[in-house]
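J.: Submitted below is the structure of interest, expressed as structure tokens.
The values are calculated or read from the model by the stated rules, or taken from the named source; none is laboratory data. Note that the coordinates shown come from a computational prediction; the quantities given were computed from them, not determined experimentally. Every residue, glycine among them, receives a Cβ derived from its backbone with ideal geometry; neighbour counts consider all protein chains shown. Accessible surface is based on the protein model in full, side chains and every heavy atom, while ligands, DNA and RNA are left aside. Shrake-Rupley method; radii C 1.70, N 1.55, O 1.52, S 1.80 Å.
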Amino acid sequence: MRYDVAIELVNKVEEYSFNEVARQANGAAWLRSGNSVILATVVSDSTQMVDEDFLPLTVQYIEKTYAAGKFPGGFFKRETKPSDFETLTSRIVDRSLRPLFPKGFANPIQISIIVFSADKEADLQVLALNAASAALYVSDLDISTSVTAMRVGKVGGELIFNPTMTQMEDSTLDLYLSGSKSDMLMIEMRSLGSDDVDVTMATIEPTLDTTIMNETIITHSANCIGEDEMIEILDATMQNLTIANGAYESQFSKFAAPVSELKCKITTINEEIKSYVKENFSEKISLAINKMAKSERSTALLDIANEIVLIKVDYDKDEIFKAVESVKRDTVRGQILTQKVRADGRSLDEVRPIDIKTNVLPSAHASAIFTRGQTQALVILTLGNERDAQMYEDLQSDETQNENFMVHYNFPGFSVGEPSPIGAPRRRELGHGNLGKRSLESSISTNPGTIRLVSEILESNGSSSMATVCGGYMALRSADIEMSETIAGIAMGMVSENGKYAILSDIMGLEDHDGDMDFKVAGSKNGISALQMDIKLGGISLDVLKEALHQAKKGRSHIIDIMLDAESNIELNDGVLPTSHTFGIDPSSVGEIIGQAGKTIREIIEKFSVSIDIDKKKGDVKITSKNRQSIQDAKDHIENVVLGEAKEKIEYNVGDCVVGTVKKIVDFGAFIGLPGGIDGLLHISKISNERVNRVADVISEGEEIKVEILEFKGNKISLGRAK
């Protein structure tokens, strides 16, 4: 492959080839960085425009498994449904490039990004945007602005620009910033908790609530980043992006195709109709705005437009609708900028009323309903063990990965009064779930196994993703999971016009629609754990961003105070919420616990109704159950097996007959309690001379039966039914 351009950036080199492949697309860029090779193409349909008032842009980021010398996982050996990573990367590229297109451009346009070769150390999300932007820049579309991305990590207190994937493993910061030479366009950021390993040596007899000897406990300390430090990092990153975009534009310009002017739909407002609407229906529109502040899908404006249609039959119906919408938008924005009052009467930095209820679902492990204004999230938590983790594959890892903390976000149509079917999660739902995960993950203090949070949005009028963060924290605490900091989220907005601007806290749907910024900030009272920003204006200054961050901190602190009050009144779902205990044994004894083909451990699980996870290398044994006594009994049993105490207590010989009590019935037999505190197994095949299909048909728990000692298997006793 012949490369036309080589651009040296911080810590990496990117090589581009143009006009050699995919030449029938409007624009194409072949990018190589290290051993990664990506093709990005741009195709636009110039023959038609969509009727709706939006940009019909589709972005698809696609990873081919052959890029890493792998076969697709699963039964079908062909790439099919996109992974979450592919979907989230597509969203990142879309949100970064969408602001470049002029208002009114309505031709369908598709950007495809295909990974042909993957370097394990490469940042594929950064390369995906850079390749897509290059393809757009050299295309025949009239886009003359380069937009690129940079990831920033922080290792040992030092910032690293364009870090490798290995460096990111030790980073306490993950910042993805995209922008042009002069403007920031999109931010994705999360703090990464640092792992602190604390090895404690216990000198007391271990119980359910104490640490046993040689047990290693891994705790995660939150690493929320202060607002002022965040601004400094963004400033330094933006300086690098300015230099990079200058290099891109100077190098790519000579490969750009002759430009075809972008045809845009000119949306005009009939001033005569608008004046009529403003003079005669301003009061009704103000009342309608108040209704829209209470419902994201209010039909109040539509009712006004239909009323005008009946009165002014000589006016065009579509122009009436446009005029009403225009007066509404002017009223909302003007009221904010001049009167500093919002549609629902709130001040600019005021948060809507909040109500929190915890553990409202008696059969769930934990749950919380977080209501803020007309936005309501029901967040449900489920605890599991390592086997419940979500397995996934990626191009840059040799082995299957496990996701132990999941946040799933669902947005049914009824939450906004729409009769739409409930189906598979869409890009927006995956994105909001990922934001919730990034907001909360670094503050989970201990490793409780596998956690799944599901956010069911029951009502929405803006900021449902941040309600998910708040409800998610409350659900975690309702499961008695330790958190290093209290985490809340708030959505910020902005209205800017004629040199004036106003920053809004806790925006509702109306302000999101008619505003100029959607800025979601999650964190504690001390700093930011995650943030996501999209700009509709084309850019934002650092001074305005700093003001927005500090205003968000004020609102976040207010929300946290309410959450702390609710947290003090949590009642756990006792009897439903699993309890776990971890202790250590000699790793050489693990085989005795597992038994041949796993028979012994299965018997222990059945007998005590517990779940057991064993680290074969370290000798760590984790027992989980809904009953604390079951955990203690299983632990005692395992320790007896390991220490050989069970055999020392046995005073029986083969052939002895004794009366025992049926303690527990399982599919393969029954555990019998013998005199002296010893248990034996009466196998289903030994219960009767005749075939037994169900143990419970022959004996019952608590029944006393006569049994015979048949044999000793290590520390276990095999029994038969005595005559």
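J.: I'd like to check something: does the range 330-338 contain any residue that is of a type outside the set (D, E, K, R), closer than 28 Å to SER455 by Cβ and exposed (fewer than 15 other Cβ atoms within 10 Å of the Cβ)?
T.: Within the range 330-338, not a single residue is of a type outside the set (D, E, K, R), closer than 28 Å to SER455 by Cβ and exposed (fewer than 15 other Cβ atoms within 10 Å of the Cβ).
J.: Then there's this: Quick one: which of SER295, SER363 is in a loop (DSSP other than H, G, I, E, B), polar (S, T, N, Q) and crowded, with 16+ Cβ neighbours inside 10 Å?
T.: When all the criteria are applied, what remains is SER295.
J.: List the residue pairs whose Cβ atoms are under 8 Å apart, where the first residue sits in the range 590-602 and is under 16 Å from LYS622 (Cβ atoms), the second is at pLDDT below 85 and assigned to a helix (DSSP H, G or I), and the two are 6 or more positions apart or on different chains.
T.: Close Cβ pairs satisfying both conditions: ILE593/VAL641; ILE593/VAL642.
J.: Failed condition for GLY489, given (1) part of a helix (DSSP H, G or I); (2) touching a Cys at 6+ places or on another chain (Cβ under 7 Å), with all others met?
T.: (1)
J.: Now for a separate question. Kindly indicate whether any position in the range 302-320 is in contact with an Asp or Glu (Cβ under 7 Å, 6 or more places away or on another chain), closer than 25 Å to GLY417 by Cα and aliphatic (A, V, I, L, M).
T.: Scanning the range 302-320, I find no residue that is in contact with an Asp or Glu (Cβ under 7 Å, 6 or more places away or on another chain), closer than 25 Å to GLY417 by Cα and aliphatic (A, V, I, L, M), so the answer is no.
J.: Something else now. I'd like the residue in the range 392-407 that is open to solvent by 70 Å² or more (accessible area, probe 1.4 Å) and in a strand (DSSP E or B) and, out of all such residues, is modelled with the highest pLDDT.
T.: Filtering first and then ranking leaves ASN402.
J.: Report, by residue number, each residue of the range 241-263 that is part of a helix (DSSP H, G or I) and among the hydroxyl-bearing types (Ser, Thr, Tyr).
T.: THR242, TYR248, SER250, SER253
J.: Across the range 658-674, which residue is modelled with the highest pLDDT among those that are open to solvent by 70 Å² or more (accessible area, probe 1.4 Å) and not aliphatic (A, V, I, L, M)?
T.: Step by step, filter the range 658-674, then rank; the result is LYS663.
J.: Quick one: what pairs do we get from the range 539-554, first residue β-branched (Val, Ile, Thr), second in a helix (DSSP H, G or I), C-beta under 9 Å, 6+ apart or different chains?
T.: ILE540/ALA548
J.: Considering TYR66, TYR3, TYR16, which residue is assigned to a loop (DSSP other than H, G, I, E, B) and either touching a strand residue (DSSP E or B) at 6+ places or on another chain (Cβ under 9 Å) or farther than 30 Å from TYR409 by Cα (or both)?
T.: TYR3
J.: Quick one: ALA502 ticks every box in (1) assigned to a loop (DSSP other than H, G, I, E, B); (2) aliphatic (A, V, I, L, M); (3) touching a helix residue (DSSP H, G or I) at 6+ places or on another chain (Cβ under 9 Å) bar one, so which box is it?
T.: Result: ALA502 fails condition (1) only.
J.: Oh, and also: Going residue by residue through the range 701-716, is there one that turns out to be in a strand (DSSP E or B), basic (Lys, Arg) and in contact with a Leu (Cβ under 7 Å, 6 or more places away or on another chain)?
T.: Taking every residue of the range 701-716 in turn, at least one turns out to be in a strand (DSSP E or B), basic (Lys, Arg) and in contact with a Leu (Cβ under 7 Å, 6 or more places away or on another chain).
J.: In addition: Determine whether VAL707 is closer than 22 Å to LYS723 by Cβ and either out of contact with any strand residue (DSSP E or B) (no Cβ under 9 Å at 6 or more places or on another chain) or not polar (S, T, N, Q) (or both).
T.: Yes, satisfied.
J.: Moving on. Could you count how many residues in the range 581-607 are assigned to a helix (DSSP H, G or I) and open to solvent by less than 30 Å² (accessible area, probe 1.4 Å)?
T.: Matching residues across the range 581-607 total 9.
J.: If you don't mind, there's one more thing I want to ask. Pick from the range 611-628 the residues that are more than 11 Å from GLY591 (Cα to Cα) and among the charged types (D, E, K, R): which of them is surrounded by the fewest Cβ atoms within 10 Å (Cβ to Cβ)?
T.: LYS617
J.: To continue, here is another question. Within the range 112-161, count every residue that is of a type in the set (Ser, Thr, Tyr), open to solvent by less than 10 Å² (accessible area, probe 1.4 Å) and within 23 Å of PRO82 (Cα to Cα).
T.: Of the residues in the range 112-161, 1 are of a type in the set (Ser, Thr, Tyr), open to solvent by less than 10 Å² (accessible area, probe 1.4 Å) and within 23 Å of PRO82 (Cα to Cα).
J.: Also, I was wondering about something else. Taking into account only those residues within the range 511-531 that are of a type outside the set (D, E, K, R) and open to solvent by 10 Å² or more (accessible area, probe 1.4 Å), which is nearest to MET292 (Cα to Cα)?
T.: Result: HIS513.
J.: Tell me, please, whether a residue that is touching a residue at least 40 places away in the same chain (Cβ under 8 Å), more than 21 Å from LEU504 (Cα to Cα) and in a helix (DSSP H, G or I) can be found in the range 572-580.
T.: Within the range 572-580, not a single residue is touching a residue at least 40 places away in the same chain (Cβ under 8 Å), more than 21 Å from LEU504 (Cα to Cα) and in a helix (DSSP H, G or I).
J.: Going by the structure shown, is GLY34 under 30 Å from the mean Cα position of the chain (by Cα), surrounded by fewer than 16 Cβ atoms within 10 Å (Cβ to Cβ), modelled with pLDDT of 90 or more and at positive phi?
T.: Judged against the criteria, GLY34 is not a match.
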